[in-house]
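Engineer: Take this structure first; my questions come after.
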Amino acid sequence: MDSNLIPLEVDLHGRHPDDIPDVVDYWIDHAIKTNHRTIHLIHGRGTGALRDMVRLHLTDHEFVDSFGDGGVLRGGGGVTVAVLRCE
């Protein structure tokens, strides 16, 4: 099966907001190496600190084409879905 059709899911619960850039970059790198086009970053709703840091980091990221909420069936505002740039 083509891995670019299967999203990579990363659970960020329990992470400190300051760790988010390094963690997200690790998983973006992993996704690119394994031919994944989409990453689901699961941060939960909580205070919004993790969500805000995830989205701040993804803004203008060189390998991210777009990002947004996970949608009703994919976690809504508790998940950020990032679509990676294809080469």
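Engineer: Among the residues of the range 39-87, count how many are charged (D, E, K, R), modelled with pLDDT under 90 and either part of a helix (DSSP H, G or I) or closer than 16 Å to Val23 by Cβ (or both).
Structural biologist: 1
Engineer: Also, quick follow-up: Tally up the residues in the range 15-40 that are of a type outside the set (S, T, N, Q), closer than 18 Å to Leu84 by Cα and surrounded by fewer than 12 Cβ atoms within 10 Å (Cβ to Cβ), please.
Structural biologist: So the count comes out to 4.
Engineer: Which residues, taken from the range 41-84, are among the basic types (Lys, Arg), in contact with a Lys or Arg (Cβ under 9 Å, 6 or more places away or on another chain) and surrounded by fewer than 17 Cβ atoms within 10 Å (Cβ to Cβ)?
Structural biologist: The answer is Arg45, and nothing else.
The values are calculated or read from the model by the stated rules, or taken from the named source; none is laboratory data. Source: prediction; values computed, not measured. Cβ sites come from the backbone with ideal geometry, for glycine too, and all protein chains shown count toward neighbours.
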